[in-house]
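K.L.:
Below is a structure I'd like to ask you about.
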Amino acid sequence: TFNPNNAWLNDTKLEKSDFKITLLEFIDFSSEGKKTMLHLNFNDKLLYEDYLFYKTMIYNFEDKNILTNKIEFIFDQNKVPDCGCE
């Protein structure tokens, strides 16, 4: 989940600068060599340049076992207040 000031990986809040390394380490640890599907959730207040930053970073992963769901969820935090994605 990507917000204007941070990103969330499952239940872990991450800063933009730590996201890629942490995500790749998490996938390596949890996938056990199997394919991993990423589901992207974007806060509707996210700047377009940040949206492009995350999309470009994720789509440039060289690991063929990392797949990205083509369906993205763009949400209004006021309409899903219980998401825990501040």
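Derivation of every value follows stated rules applied to the coordinates shown; laboratory data play no part. Given the structure is predicted, the values throughout are model-derived calculations rather than measurements.
K.L.:
List the lysines whose alpha-carbon lies under 16 Å from that of K34, not counting same-chain residues fewer than 8 positions away?
P.N.:
Cross-link targets: K64.
K.L.:
Taking H as built 1.01 Å from N, whose amide H comes closer than 5 Å to the amide H of V80, not counting residues under 5 places away?
P.N.:
Answer set, sorted by chain and number: none.
K.L.:
Taking θ as phi - 60°, what are the ³J(HN,Hα) couplings along the range 35-48 by the Karplus curve (6.51, -1.76, 1.60), each to the nearest whole Hz, with x for Gly and Pro?
P.N.:
For the range 35-48, the Karplus-derived couplings read 5, 10, 9, 9, 10, 9, 10, 10, 5, 5, 8, 5, 5, 4 Hz, x marking Gly and Pro.
K.L.:
Which whole-number percent gives the relative contact order of the range 1-52, counting Cα pairs below 8 Å spaced six or more residues apart? Mind showing how you got there, number by number?
P.N.:
Numbers: 37 pairs, mean separation 24.4, N = 52.
For the range 1-52, the relative contact order is 47 percent.
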